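We did not get these values from a lab; they are worked out from the coordinates using the rules stated. Keep in mind the model is a prediction, meaning the values are calculated, not measured. Virtual Cβ from ideal backbone geometry, glycine too; neighbours counted across all protein chains shown.
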Amino acid sequence: MNSGSVESLDRVDGDLNLADGAKVRAKDSRGVEVSGSVQYEGSCVFECSLVANSVRGEEGDLVVEGDLSVGKTIRIEEGSLVVEGNLTAEVVEVDKEVSVRKNLTALNVEVGGKMGIGGNAKAVEIEVGGVFEARGNAEAKKLEVGGTARINGETTISRISVGGTFRGVGLIKADKIEVGGTFEADSEIMVEDLDVGGTAKVAGGEIRGSVDVGGTFVSTKPLTYGSIDVGGKAELASGSKGRKIDVGGTLRTEGDLKFEDIDVGGTVEIRGEAEGGTVDVGGTVSVEKNLTLTGKLDVGGTAEAGEVLKAESINVGGSLQARKIEAKDSVDVGGSIGTNEGTKAARVEIGRKGRIKGVVVASDVRIGEEAEAEDIYAGSLTMEEQSSARNVYANRVRLERECRINGELQYTDELRKEQDASFAKEPAKVSRLPSPPI
């Protein structure tokens, strides 16, 4: 067909060659069928549906105002493709843009610029240099987008790689998701691994393997996770559970959290119950209710639980507070310990100039220099220079220089005291100590 010509066709045996500006109309509602290849140079329009074995165009756009069904390959160099209906092909290769009003079905799709699908997209591999958008569902083994991707329906894609921003409105199912900038899931996510360079926000679900986010990670609904590694801040919804959490800055949950290990450089805030293995935090830990650990609590700054704090061992550089503290092994605090119902462990130690509020029950207790304590029940007690306690009930007691007991001291085996140790009452050796209150 010549440049600018208009022709009505039904079936073409062999190839159909079109010049710039050509228009093709169908003789009937079935559209046009070409047994060979449609080839054109410039821009052409099919004012109908088109069936062909292949399509090849150069330096122009192809518009199909109906469905486009191609048995093999669509290849458009330096041009775009617009399909007002459904697009079906084995291979789609378009240098500029592809716009499909309805559904896309293909094996391999490669678009240099922008691709928009008004309905569902189904392919083996989709590669888009700029922007990809599907208003319906998207199903593929691989989606690779250089800029931005948005899928309004459900996403079922084994591997997703996006250089800039990805947003999924419906359910997302994938094995591996890699996004250079921002990832956002408005609905539940079912993923093996999520790797995001900037910010990620999900609406709960399951990430079975790892979450690796450079900046901020937020889950607005309960999330089951394998491991979480976040450079900046992580926020989890109540009921989230998983294995390892590693955050460079701040970890916050709006309710209960279950985990195996937490390692945070800055602050942990859990507004509910916390249950897990170990916690290692450089700054502060705050748990609104119970904190229950099977392993160690290690905090550089302060640690606080609104109810009972239980752990294998506790090491806090600053202050430690809870309604009650229990440790199978040791409680070692540099600053202060504050409880309403007391601290119970195999070993309790408070650092220099520290303060203990609440009763202490332990096999071994050490009160640092110039530190203060209230009632102590111990197998063995050592009080360093110028430290003080209210009441002491212990088998063996050692008081260094200028220690003071402000109440009573009862012991069963041995009392060793250095010079200037003082007592409000004379120490009493007894055959049996009173039972601890906890």
Estimated D of the chain in µm² per second, where Rh is the Kirkwood radius over Cα pairs and Stokes-Einstein applies at 10 °C, 1.306 mPa s
60 µm²/s
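When the chain is fully extended, how far beyond the present Cα-Cα distance does GLU307 get from VAL124, taking 0.36 nm per residue of separation?
On the way: separation 183, 0.36 × 183 = 65.88 nm, distance 5.37 nm.
Full extension from GLU307 to VAL124 adds 60.5 nm.
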Report, in whole Å, the centroid distance computed from the Cα atoms of segment 41-108 and segment 128-200.
25 Å
For segment 410-427, what does the Karplus curve 6.51 cos²θ - 1.76 cosθ + 1.60, with θ = phi - 60°, yield as ³J(HN,Hα) per residue in whole Hz, taken in order and with x for Gly and Pro?
10, 9, 10, 10, 8, 10, 10, 9, 8, 4, 6, 5, 10, 9, 6, 10, 5, x
Short version: what are the Cα gyration tensor semi-axes of segment 139-185, square root of 5 times each eigenvalue, largest first, in whole Å?
14, 12, 8
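Which of LYS241/LYS324; LYS23/LYS96; LYS244/LYS324; LYS173/LYS221 have a Cα-Cα distance over 19 Å?
LYS241/LYS324; LYS23/LYS96; LYS244/LYS324
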Debye sum, Cα scatterers, segment 105-246, no solvent: what log₁₀ I/I(0) at q = 0.15, 0.16 1/Å?
-0.65, -0.73
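Taking R0 as 51 Å, what's the FRET efficiency between GLU90 and ILE438 from their Cβ-Cβ distance, rounded to 0.05? Working shown, then result.
On the way: r = 75 Å, r/R0 = 1.47.
Once the sixth-power term is evaluated, E becomes 0.10.
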Rounded to whole Å and sorted largest first, list the principal axis extents of the Cα atoms in segment 330-415.
28, 23, 21
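Can you give the net charge of the other residues whose Cβ lies under 10 Å from the Cβ of ALA424, counting K and R as +1 and D and E as -1? Let's see the in-between values first.
Working: positive: ARG390, ARG404, LYS425; negative: GLU408, GLU426.
Around ALA424, the surrounding residues sum to +1.
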Here the tail fraction of P(r) beyond 17 Å, over all Cα-Cα pairs of segment 268-318, rounds in percent to 21 percent
I'd like the Kirkwood hydrodynamic radius of segment 214-351, using the inverse of the mean 1/r over distinct C-alpha pairs, in Å.
14.4 Å
Residues in segment 63-83, backbone N under 11 Å from the label point at SER29 (7 Å along the Cα-to-beta-carbon vector): list them, ranges by number please.
none
The alpha-carbon pair-distance distribution computed for segment 107-189, with 5 angstrom bins and whole-percent values, is 4, 17, 31, 33, 13, 2, 0
At q = 0.27, 0.28, 0.30 1/Å the base-10 log of I(q)/I(0) from the Debye formula over the alpha-carbon atoms of segment 180-226 is -0.99, -1.06, -1.19
Between SER363 and LYS176, what is the label-to-label distance in nm when each label sits 7 Å out along the Cα-to-Cβ direction?
5.0 nm
I'm checking a number: the convex hull volume of the Cα atoms of segment 274-381, normalised per residue, in Å³. What is it?
65 Å³
One finds, for GLU418 and GLU275 with R0 = 35 angstrom and r their Cβ-Cβ distance, a FRET efficiency to the nearest 0.05 of 0.20
With Cα springs under 10 Å, the Gaussian network model of the chain assigns the largest mean-square fluctuation among GLU374, GLU178, GLU206 to GLU374
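Using unit Cβ charges (K, R positive; D, E negative) and no other charged atoms, how large, in debye to the nearest 20, is the dipole of the chain about its Cα centre?
Numbers: 54 positive and 76 negative charges, 365 e Å.
Approximately 1760 debye in magnitude.
Using only the alpha carbons of segment 372-438, what is the convex hull's orientation-averaged projected area in square nanometres?
Details: hull surface 15.6 nm².
Answer in nm², one decimal: 3.9.
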ASP15-VAL169 FRET efficiency (beta carbon distance; Förster radius 51 Å; 0.05 resolution)
0.75
List the residues, sorted by chain then number, that are 5 or more residues from PHE217 or on another chain and whose placed amide H is less than 5 Å from its amide H.
ALA200, LYS233, ALA234, GLU235
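Counting residues in segment 1-102 as N, plug N into 2.2 N^0.38 Å and put the Cα Rg over that result.
Here the Cα radius of gyration is 0.92 times the empirical estimate.
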Expressed in angstrom and rounded, the centroid-to-centroid distance over alpha carbons for segment 334-396 and segment 213-252 is 37 Å
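For a quick check: sort ASP186, ASP13, ASP256 by the number of other beta carbons within 10 angstrom, fewest at the front. Don't skip to the end; give the middle numbers.
Values: ASP186 16, ASP13 9, ASP256 21.
The order, fewest Cβ neighbours first, is ASP13, ASP186, ASP256.
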